[in-house]
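J.: Dropping the structure in here first, questions after.
The values are calculated or read from the model by the stated rules, or taken from the named source; none is laboratory data. This is a predicted model, so every value here is computed, not measured. Note: accessible area is taken over every heavy atom of the protein model, side chains too, but ligands, DNA and RNA are not part of it. Shrake-Rupley method; radii C 1.70, N 1.55, O 1.52, S 1.80 Å.
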Amino acid sequence: MNLQERIARRRSARRDDGIVVNREHLSPVVHRSEPVGRGPVLEQLLDALEPVFDEGLPQPVAVVGPAGAGTSAIVTALFAALNERLGETTRTIGTTTRAGATGPVTWFVYVDARRVESAFAFYRTVLSRISADSVPESGVGTDDLRDRLCSRLARPDRRAVVAVDHHDEPETLSYERVRELVEPTSENVSTIAVGQTEPDGWDGPTVTVPAYRHHELVDVVTDRTSTGLSPGALDHENVREVAIWADGNAHDALAALFGAAVLAGEDDADRIERSHLEAATAGVPENGVHIDRVLALSETRQQVLRDLIAVDSADRPIRDVAAEIADRSSLTAGTVKRFLYELADRGVIERVPLPANGSGRRPSTVVARFPTIAFRALSPSGSDPS
């Protein structure tokens, strides 16, 4: 973080009420423009992308790492920097194509498979990045968008590197499917598979992102708190304890930090106390689901999850939980029950068996597998942690 940013933060903290100076800097779903402590991995990925600096295309590459290692943050930061550095031609070509601009250009396109689940959505996402013209959201077919993409990349000096993130999660756009979608332009498009695992049958190069070590995670959390919280709002010792507790998972550390800020704000406290951190870490399940997976769900399903964490589901069968959630909304109990089973199949929530109450089928309840406090604040109907 540069010195001007530090000074601006302290000036802001003197004007604002509450302990939160910048909510986004605390959020576990917002990436920093320069990931902390990931220089060696960025260099490895730059090595893999080296041909772009000679106006060529790199071969497909996989970027893999455990949950919370920062694979998404690394790729989005690098793509933003590459587009910024190599994108002058992009901006020129976007405004002067009709005037006959001929300069070569390479676009770097990040595709979040959590939110891009269809061929239509994929083509639209890529076109929105590489085309100066507006891309329709409806009224055209998938074939039309594919043809527009082919036309845009028809010249040999126009290329695109497309990163497909979260390709290995349930019900997301798979890397294999993306390869099929870009086949008509395969000579001008290279792909990057980003996730916790390599695609099936992968035989290309792989950049491995290791889990954060404790001191590295301390630096990550310190970087976020230095710009997200008012001075003195969190003791360094608590930062260290959160980093140790998260055991290399930056998402869990930031989700706990964000949750603690929410709780401190609700208490109208002027600092984050140990009790806030203890309650917040308790709300982050071990080996749980990244909160962004939950925020990528439809609004109706998010509302069901908001109601689920608001009701007391402990030791209560799913049908009773569904009935109480239905009483809070316009949904029927049957619809809520169906959603709960669907979300359990996706791994967003977990079915937990209850003691048998007779000779019939053993009942079960459901519990959240995502950071509940952070979700409550970040979902559309959530409240601001400040």
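J.: Shape call for segment 233-306 from the C-alpha gyration tensor, a ≥ b ≥ c root eigenvalues: rounded (a/c under 1.5), prolate (a/b greater than b/c) or oblate?
T.: oblate
J.: What's the carbon and sulfur percent of segment 272-322's accessible surface, probe 1.4 angstrom, rounded to a whole number?
T.: Using a 1.4 Å probe with all protein chains present, segment 272-322 comes out at 42 percent carbon and sulfur.
J.: On to the next question. State the label only: which of (1) 38, 29, 20; (2) 31, 26, 19; (3) 38, 22, 20 corresponds to semi-axes √(5λ) of the Cα gyration tensor in Å computed from the shown model?
T.: Checked against the structure: label (1).
J.: Mind running the shape call on segment 183-283? Use the C-alpha gyration tensor, a ≥ b ≥ c as the square roots of the eigenvalues: rounded below 1.5 for a/c, prolate if a/b tops b/c, oblate otherwise.
T.: The shape class here is prolate.
J.: Roll a 1.4 angstrom probe over the protein heavy atoms and tell me the percent of accessible area of segment 126-231 that is carbon or sulfur.
T.: Carbon plus sulfur share of accessible area: 44 percent.
J.: Test of understanding: in a Gaussian network model of the chain with alpha carbons linked when under 10 Å, which of ILE373, ILE309, ILE291 would top the mean-square fluctuation ranking?
T.: ILE309
J.: Residues of segment 271-386: accessible area per residue at 1.4 Å, in Å²?
T.: I get 49 Å² per residue for segment 271-386.
J.: Amide H of VAL63 versus every other amide H placed in the peptide plane: which residues, excluding those fewer than 5 positions away on the same chain, fall under 5 Å?
T.: HN-HN under 5 Å from VAL63: ALA193, VAL194, GLY195, VAL207.
J.: Between helix 250-266 and the chain, what is the angle of the helix's C-alpha long axis to the longest principal axis, kept within 0 to 90° and rounded to the nearest 10?
T.: 50 degrees
J.: Identify which of GLY139, GLY288, GLY228 has the largest mean-square fluctuation in a Gaussian network model of the chain, with springs joining Cα atoms closer than 10 Å.
T.: GLY139
J.: Under a 10 Å cutoff between Cα atoms, tell me which one of ALA253, ALA211, ALA261 has the largest fluctuation in the Gaussian network model of the chain.
T.: The residue with the greatest mean-square fluctuation here is ALA211.
J.: Find the centroid of the Cα atoms in segment 179-208 and in segment 262-308, then give the distance between the two in whole Å.
T.: 34 Å
J.: Residue-wise, which Karplus ³J(HN,Hα) couplings in Hz belong to segment 224-239, taking 6.51 cos²θ - 1.76 cosθ + 1.60, θ = phi - 60°, and x for glycine or proline?
T.: 5, 5, 5, 10, x, 10, 5, x, x, 6, 9, 5, 4, 4, 5, 4
J.: So for the chain: antiparallel DSSP bridges make up what percent, rounded to the nearest 5?
T.: Once the DSSP bridges in the chain are tallied, antiparallel ones form about 20 percent.
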